[in-house]
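Each remark here refers to the structure printed beneath this line.
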Amino acid sequence: MPDRPDQHSPAVLSSAWRPSAAAGPADVTGTGMYSADMFEPHSLVEDGVRHYGRLPARPVSVNPLDEFRGARRLLRRTRLKEWAGFTVLHPDMYASMILQDAKYLASSEIYVHDRADGALYQHEQVAVPGAVRIAEQLIGSSVALRRKGYAIGYEFGTDRHRIEIDIAATAEAPAFSGRLELLPKSASPALSVSSRLPGGTMYTNKALFPIEGALRVGEREFVFRPDRDLAILDEHKSALPYRTTWTWGTFGAFADGVPVGANFVDRPEIPGQPEESGIWTPDAAAPLTDVDFDWDPAAPLSPWQIRSADRRLDVTFTPEGRKTVDLQLGVLAMDYFQAYGTFAGTLDIGTRTVDLADVHGVCEQMRARL
């Protein structure tokens, strides 16, 4: 196990300053930061027309089905996958959770890896269609999956977002319980992207939130501090192609007391369409393109090299473990893993380049028939 930073120290980035290759204003067509007058729609679909591109914030209302009527709307609904998940970043553990409405079923998963003992603990629940509903309007909404012995719920407020967890122990994992609060007013800018995919469409909303509260795993309690710890929101409302593949990663940390980080993906795309790779800077979610993942599929726990073409992102990801899903259900199948570990390298946040060391995050790969 690699050495860990002192639990009581919020410093995870070096204070070394270097000139930035991307300093200063840039265009909003996929190569630079957002401008102050960038169009901000109230709804993803307005008057039957969907907005595509990088948006300066999550629209108040997001329902991709509003683009369609009648039978086409019903057909498109069967392809829509909606989920809201969080990766939480803490020096002593790795954790991730999701609530998902896949239309043909509802589901939820959560895992915690305790770095002290190296153990991975997981809970999951599957429910009937409609048991999980992701609202069109995020602020003021709540979403949960509650069954006997299993409850995860999110509440999205103006001043606080809340995660509540109450899961009973099983033969495979100890009980999980806790209440975590996210601070929207100190969050990063939103990474909000609407794009066409080969055989589908995607909408995603992602952001970094300082987090506080506590999560208990068996007899172990993890206390979160908003000056040190982060939660990364991953909200999707996407009509994914039947054969879906992606390689994806994300991480976050504090630089000068402000959340910064990166989200990066490699998936089949339509040339010219915006994709969700980006860098969270203090001022914007800056577009990032042409990300290369160099890793060995035969040894997924060996280090990964991840770079963007312009080298704004140049990091090594060192996994400590991974969660896997392997399902074969005839026409439906999923070969998936999420590796959790640490990032080291450099990140250009627009005004300077910061050095990363022992920054927590995840990488994953999905190959599925959905």
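The values are calculated or read from the model by the stated rules, or taken from the named source; none is laboratory data. Keep in mind the model is a prediction, meaning the values are calculated, not measured. So basically every Cβ, Gly included, is an ideal-geometry build from the backbone, and we count neighbours across all protein chains shown. With ligands, DNA and RNA removed, areas are computed over all heavy atoms of the protein, side chains included. Shrake-Rupley method; radii C 1.70, N 1.55, O 1.52, S 1.80 Å.
Comparing Asp294, Asp355, Asp47 in a Gaussian network model of the chain, where Cα atoms under 10 Å apart are tied by springs, the biggest mean-square fluctuation is seen for Asp47. Estimated at the nearest 10 Å², the accessible area of Trp295 is 40 Å² with a 1.4 Å probe. Highest GNM mean-square fluctuation among Tyr94, Tyr111, Tyr242, for the chain modelled with Cα contacts below 10 Å: Tyr242.
Classify the stretch 125-180 from the C-alpha gyration tensor, please: rounded if a/c falls under 1.5, else prolate or oblate depending on whether a/b exceeds b/c. Verdict is oblate for the stretch 125-180. Couplings for the stretch 274-283, taken from phi via the Karplus curve 6.51 cos²θ - 1.76 cosθ + 1.60 with θ = phi - 60°, read x, 10, 7, 5, x, 10, 7, 9, x, 10 Hz in order; Gly and Pro are left as x. Placing unit charges on the Cβ atoms only, positive for Lys and Arg and negative for Asp and Glu, gives the stretch 160-207 a dipole magnitude near 360 debye about its Cα centre.
For the stretch 289-330, averaging the sequence separation of C-alpha pairs within contact (under 8 Å, six or more residues apart) and dividing by the residue count gives a relative contact order of 31 percent. Binning the alpha carbon pair distances of the stretch 216-284 at 5 angstrom intervals from zero yields the distribution 3, 11, 18, 20, 14, 13, 11, 7, 2, 1, 0, expressed in whole percent. With coordinates expressed along the principal axes, the C-alpha atoms belonging to the chain extend over 58, 54, 44 Å, beginning with the largest.
A cut-off of 5 Å between modelled amide H atoms, ignoring neighbours fewer than 5 places along the same chain, links Ala169 with Ala175. In the chain, taking the dipole from charged Cβ atoms about the Cα centre, the farthest positive-side position among His161, Val112, Gly200 is held by Gly200. Annotation: amide H-H contacts under 5 Å for Asp229 (H modelled 1.01 Å from N, sequence separation of 5 or more, or interchain): Ile211. Over 26 Å apart at the Cα level, from the set Lys185/Lys323; Lys148/Lys323; Lys103/Lys185, are Lys185/Lys323; Lys103/Lys185.
What's the extension gain from Arg243 to Gln328 if we count 0.36 nm per residue and subtract their Cα-Cα distance? Taking 0.36 nm per residue and subtracting the Cα distance, the gain is 29.2 nm.
Note on the chain: dipole from Cβ charges, positive end direction compared against Gln273, Ser177, Cys363; the farthest Cα belongs to Gln273. Stretching the chain fully between Tyr52 and Ala119 yields a gain of 19.9 nm (0.36 nm per residue, less the alpha carbon separation). Measuring nothing but how far apart in sequence close Cα pairs (under 8 Å, 6+ apart) lie, relative to its length, the stretch 300-370 scores a relative contact order of 28 percent. Computed from backbone phi, the HN-Hα couplings of the stretch 71-87 come to 4, 5, 5, 4, 5, 5, 4, 5, 8, 6, 10, 10, 8, 9, x, 9, 9 Hz, rounded to whole numbers (Karplus: 6.51 cos²θ - 1.76 cosθ + 1.60, θ = phi - 60°; Gly and Pro given as x).
Modelled spin-label separation between Arg146 and Asp314, with each label point placed 7 Å from Cα along the Cα-to-Cβ direction: 5.2 nm.
Other residues within the sphere of radius under 12 Å centred on the Cβ of Asp166, judged by their own Cβ, net out at +4 (K and R +1, D and E -1).
Shown here is the pair-distance distribution of the stretch 243-283: with all Cα-Cα distances grouped in 5 Å bins from zero up to the longest one, the shares run 6, 20, 23, 19, 13, 11, 6, 2, 0 percent.
Of all the options Gly118, Gly157, Gly350, the one that moves most in a Gaussian network model of the chain with Cα springs shorter than 10 angstrom is Gly118. Sequence-distant contacts, meaning Cα pairs under 8 Å at least 6 residues apart, place the relative contact order of the chain at 17 percent.
Counting Lys and Arg as +1 and Asp and Glu as -1 over every other residue whose Cβ lies under 13 Å from the Cβ of Glu181, the net charge comes to 0. Plainly put, the stretch 89-157 has a radius of gyration that is 1.04 times its Kirkwood radius, both from alpha-carbon atoms, as the Rg/Rh ratio.
Specify whether the C-alpha gyration tensor of the stretch 116-238 places it in the rounded, prolate or oblate class, a ≥ b ≥ c being the square roots of the eigenvalues: rounded for a/c under 1.5, otherwise prolate if a/b is larger than b/c and oblate if not. Verdict is oblate for the stretch 116-238.
Seen from Arg312, the other residues with C-beta closer than 11 Å to its C-beta sum to a net charge of -2, counting Lys and Arg as +1 and Asp and Glu as -1. Overall, the anisotropy analysis places the stretch 281-370 in the prolate class: the square-rooted eigenvalues a ≥ b ≥ c of its C-alpha gyration tensor yield a/c not less than 1.5, with a/b exceeding b/c.
Peptides 137-149, 196-208, 321-333, ordered by how many other C-beta atoms sit within 10 Å of their residues on average, highest first, read 196-208, 137-149, 321-333. Near the amide H of Gly157, within less than 5 Å, lie the amide hydrogens of Gly140, Arg162, all on another chain or at least 5 residues away, with H placed in the peptide plane. Using θ = phi - 60° in the Karplus curve 6.51 cos²θ - 1.76 cosθ + 1.60, the 3J(HN,Hα) couplings for the stretch 193-205 round to 9, 10, 8, 8, 10, x, x, x, 9, 9, 10, 9, 9 Hz; x is entered for Gly and Pro. Using the empirical formula 2.2 N^0.38 Å as the baseline, the Cα radius of gyration of the stretch 35-108 reaches a ratio of 1.45. For the stretch 228-335, the per residue solvent-accessible surface stands at 39 Å², with DNA, RNA and ligands left out and a 1.4 Å probe.
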